[in-house]
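To start, the structure under review is shown below, and the notes come after it.
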Amino acid sequence: MKNSAPPCVLFEDDHLLVVHKPAGWNTHAPAPFAGEGLYDWLRHREPRWATLAILHRLDKETSGVLVFGKTPLANKSLTQQFTAHTIRKKYLLRTDRAVTSRESTVKTKIARTGDRYASAAHGETAETHFQILDSGLVAASPLTGRTHQIRVHAAESGFPILGDTLYGGTPHPRVCLHAAEITLAHPATGAPTTFTAPADFAADSRAARRAAVIEPEQANACRVIHGASDAHPGWFVEKLGDFLLSQSEAPLTAGHRSELEMLTKRYSASAIYHKTLTRRVQRATVAETSPQLVAGNAAPEKFLIRENGVQFEMSFGEGYSTGLFLDQRDNRRRFLTGHIAADFPRLPSANSHLLNCFAYTCGFSVCAALAGAHTTSLDLSKKYLEWGRRNFVLNALDPAAHDFIYGDTFDWLKRFAKKGRAFDAIVLDPPTFSRSKESGLFQAEKDYGRLIATALPVLKPDGVLLASTNAATLAPEKFLEAIAVAARGAGRRITKQHYVPQPPDFPISREAPGYLKTVWLRMG
């Protein structure tokens, strides 16, 4: 896989990484299981960014330039510059209130009061210079770096930021505050260096966030509307190559259709499909669960999408699933690169052996095979295993050099154990609910520990286990506890652990908590 960078990266050299943070994404994760912040996502994405240092932050709803240090020299130099207030920052804000002074400087002490900040008799000194640029557009230069100081000073000066309802601003799709420019002395040369990012307050912040992380040359599939996190409760839309796939339990509304028309233009989509979500999948026919054409020209029976530079076959005519679960994109990428996380040992690749249980169309297997591993794909569906073989061929991999086993996962794990066969890495990404003749009923909420206990005997010492579930009712803490209990029961020790939430185009919010739970484990 080529050494690539996501579109949000503005500049990179041996010492600095400069990115354009989209609005609506935390700089750093606020709490466990709350989703990755931009900083965390970058560190866990590329080996060369594993030692990134976070030197300053932007509020979640603020967009713009962020600078990270890559070396001890950069970290020390930039920390000294921030402390001495020699780094110059320029923000742009938009307001719908009258700004009476062409230029003004506000200097107060700021203290926290509940969930916001305000000027007070006691607190940290904050100083901000404002300058009107155009009607409603104001430049703000913070001479100090206090939390929310621009928002506080703008509101207290009578022109709260548009969208900043916490400080009295008029409701708007986003907080119209943008870090437009930062000037610093380069850590290695000392030369004054300026980085800029253009502001676009009219842009759809949802689209901007996805555009920041999806590389067009590497991927043409992502989720573009993720339910309540994108202000559309119960409605989900994905871009799959040239097509849009809409999903909801209820029929499409006029508002949905209008939004789909806009998305069709934005992504130059050839057609729109809609799938009605049902909880009675087992009783529904393939025709009933398959997406239906809503507008445009019908897709071919089979079509291709691209993800991390890898090709996958998709279909709208095979029932409930179209061939790939996009929320596992970053985990598939980890098999391609061997880089799991900043503090996690690299995955074994060349000459290693991967067991992919519940393999479905073998997406994990394809990526591991491209990295040099021998793969064994195990699934209870011959149809999906054949689909997986085609995915191998699409990526110039010889299926004959890998194993595809039709059968029950629990049954085959026991067979492997009896034969003394062991693997360097195992993937466990089971359906939330399944039933088979050999092992009976499986429910992720109740039986995940049993699955782990059955798999561990065939994982080599110091092997890597990828455990994942999309069971929404299973809390992350309970998920990890079930794994830990099973590991102790099997006499295995977890020597390294990295929990991974769903990717940035599946945003986690209070309205739409994270459903995907994934943990990478190195087992002693």
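Between Gly35, Gly24, the distinction of being in contact with a helix residue (DSSP H, G or I) (Cβ under 6 Å, 6 or more places away or on another chain) and outside any strand (DSSP E or B) belongs to Gly24 only. Taking the criterion of being closer than 19 Å to Gln502 by Cβ, out of contact with any strand residue (DSSP E or B) (no Cβ under 6 Å at 6 or more places or on another chain) and among the hydrophobic types (A, V, I, L, M, F, W, C), the residues of the stretch 33-55 that qualify are Phe33, Ala34, Trp41, Leu42. The residues of the stretch 176-196 that are in contact with a Leu (Cβ under 8 Å, 6 or more places away or on another chain) and part of a loop (DSSP other than H, G, I, E, B), listed by number, are Cys176, His186, Pro187, Ala188. Taken over the stretch 15-35, the criterion of being of a type in the set (Gly, Ala, Ser), surrounded by fewer than 22 Cβ atoms within 10 Å (Cβ to Cβ) and within 15 Å of the chain's Cα centre (by Cα) is satisfied by Gly24, Ala29, Ala34. Pairing each residue of the stretch 306-321 that is farther than 18 Å from Ala359 by Cβ and at pLDDT 95 or above with any residue that is aromatic (Phe, Trp, Tyr) and buried (at least 19 other Cβ atoms within 10 Å of the Cβ), provided the two are 6+ apart or on different chains, yields C-beta distances under 7 Å for Phe316/Tyr273. Considered as a group, the residues in the stretch 1-59 that are out of contact with any Gly (no Cβ under 7 Å at 6 or more places or on another chain) and among the polar types (S, T, N, Q) include one that is nearest to Glu477 (Cα to Cα), and that residue is Thr51. The condition (being touching a residue at least 60 places away in the same chain (Cβ under 8 Å) and polar (S, T, N, Q)) is satisfied by just one residue among Ser377, Ser439, Ser468: Ser468.
Among the residues making up the stretch 1-40, those that are aromatic (Phe, Trp, Tyr) and at pLDDT 90 or above are Phe11, Trp25, Tyr39. Contact annotation: no residue pair with Cβ atoms under 6 Å, 6 or more positions apart or on different chains, pairs a residue in the stretch 62-75 that is in the same structural domain as Val175 (by TED's automatic domain parsing) and closer than 11 Å to Ala50 by Cα with a partner that is part of a helix (DSSP H, G or I) and among the charged types (D, E, K, R).
If you go through the stretch 122-145 and pick out every residue that is touching a residue at least 24 places away in the same chain (Cβ under 8 Å), in a loop (DSSP other than H, G, I, E, B) and out of contact with any Ser or Thr (no Cβ under 9 Å at 6 or more places or on another chain), you end up with 1. Within the stretch 181-190, does at least one residue satisfy the condition of being more than 32 Å from the chain's Cα centre (by Cα), surrounded by fewer than 15 Cβ atoms within 10 Å (Cβ to Cβ), under 30 Å from Ala74 (Cβ atoms) and free of Cβ contacts under 8 Å to residues at least 24 places away in the same chain? Yes, there is a match, as at least one residue in the stretch 181-190 is more than 32 Å from the chain's Cα centre (by Cα), surrounded by fewer than 15 Cβ atoms within 10 Å (Cβ to Cβ), under 30 Å from Ala74 (Cβ atoms) and free of Cβ contacts under 8 Å to residues at least 24 places away in the same chain. Being under 30 Å from Gly37 (Cβ atoms) and more than 23 Å from the chain's Cα centre (by Cα) is not true of Ala490.
Restricting the stretch 121-146 to residues that are out of contact with any Asp or Glu (no Cβ under 8 Å at 6 or more places or on another chain) and of a type in the set (Val, Ile, Thr), which is surrounded by the fewest Cβ atoms within 10 Å (Cβ to Cβ)? Of everything passing the filter in the stretch 121-146, Thr125 is surrounded by the fewest Cβ atoms within 10 Å (Cβ to Cβ). Quick check: is even one residue across the stretch 415-425 surrounded by 18 or more Cβ atoms within 10 Å (Cβ to Cβ), in contact (Cβ under 8 Å) with a residue 12 or more places away in the chain, under 25 Å from Ser349 (Cα atoms) and in contact with a Cys (Cβ under 8 Å, 6 or more places away or on another chain)? Within the stretch 415-425, none of the residues are surrounded by 18 or more Cβ atoms within 10 Å (Cβ to Cβ), in contact (Cβ under 8 Å) with a residue 12 or more places away in the chain, under 25 Å from Ser349 (Cα atoms) and in contact with a Cys (Cβ under 8 Å, 6 or more places away or on another chain). Would you confirm whether or not the stretch 155-171 contains a residue that is over 16 Å from Gln131 (Cα atoms), in a strand (DSSP E or B), in the same structural domain as Thr125 (by TED's automatic domain parsing) and among the hydrophobic types (A, V, I, L, M, F, W, C)? Within the stretch 155-171, not a single residue is over 16 Å from Gln131 (Cα atoms), in a strand (DSSP E or B), in the same structural domain as Thr125 (by TED's automatic domain parsing) and among the hydrophobic types (A, V, I, L, M, F, W, C). The set of residues from the stretch 54-75 being in contact with a Leu (Cβ under 8 Å, 6 or more places away or on another chain), part of a strand (DSSP E or B) and under 23 Å from Gly190 (Cα atoms) comprises Val65, Leu66, Val67, Phe68, Gly69.
The values are calculated or read from the model by the stated rules, or taken from the named source; none is laboratory data. Keep in mind that this is a model prediction, so the values were computed, not measured. FYI the Cβ positions are ideal-geometry reconstructions off the backbone, even for glycines, and counts take in every protein chain you see.
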